[in-house]
Amino acid sequence: MSNLPTSSENRRFLIIAVTHSPPLFTLGHVVATPDALDLLDRLGINASTLLVRHQQGDWGDICREDAATNTWAAQAGERLLSAYILGKPHERLWIITERDRSVTTLLLPEEY
């Protein structure tokens, strides 16, 4: 019998490790558009997974320059935008945290 953790134990460890990383900023109130909620529901994705990525500086599928701007903005108290490509046919979801950190919105790009 191996002493390695089972697959479910590995997942639990990964979740614990990710959630123990300190957030770079606060999210404020989290809101989502109906279309964003529909996309997440259709794909079986929990919004909290993407919110944790956003809050920890994983900006998703953005260019290097925008990622650098976000990293600066997280420290400077400016507006943040993450973009995640989800499912097939690759649909895009944006997460925007406002400058004053009062609200974070999940939305589709065409809703902006």
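Read-outs: derived from the displayed coordinates by stated rules, not from any lab. Since the structure is predicted, the reported quantities are computational estimates derived from the model, not experimental observations. Every residue, glycine among them, receives a Cβ derived from its backbone with ideal geometry; neighbour counts consider all protein chains shown.
Take the Cα of E91, step 7 Å toward its Cβ, do the same at D66, and the gap between the two points is 1.9 nm. For the range 50-112 versus the range 24-49, the inter-centroid distance based on Cα atoms is 12 Å. Spacing of the modelled spin labels on E78 and S48, each 7 Å from Cα toward Cβ, amounts to 3.2 nm. For the range 43-112, compute Rh as the Kirkwood radius over C-alpha pairs and then the Stokes-Einstein diffusion coefficient at 20 °C and 1.002 mPa s; write the answer in µm²/s, rounded to an integer. The estimated diffusion coefficient comes to 173 µm²/s. Near A32, the amide H atoms lying under 5 Å from its own belong to L106; only residues 5 or more places off or on other chains count, and H is placed 1.01 Å from N.
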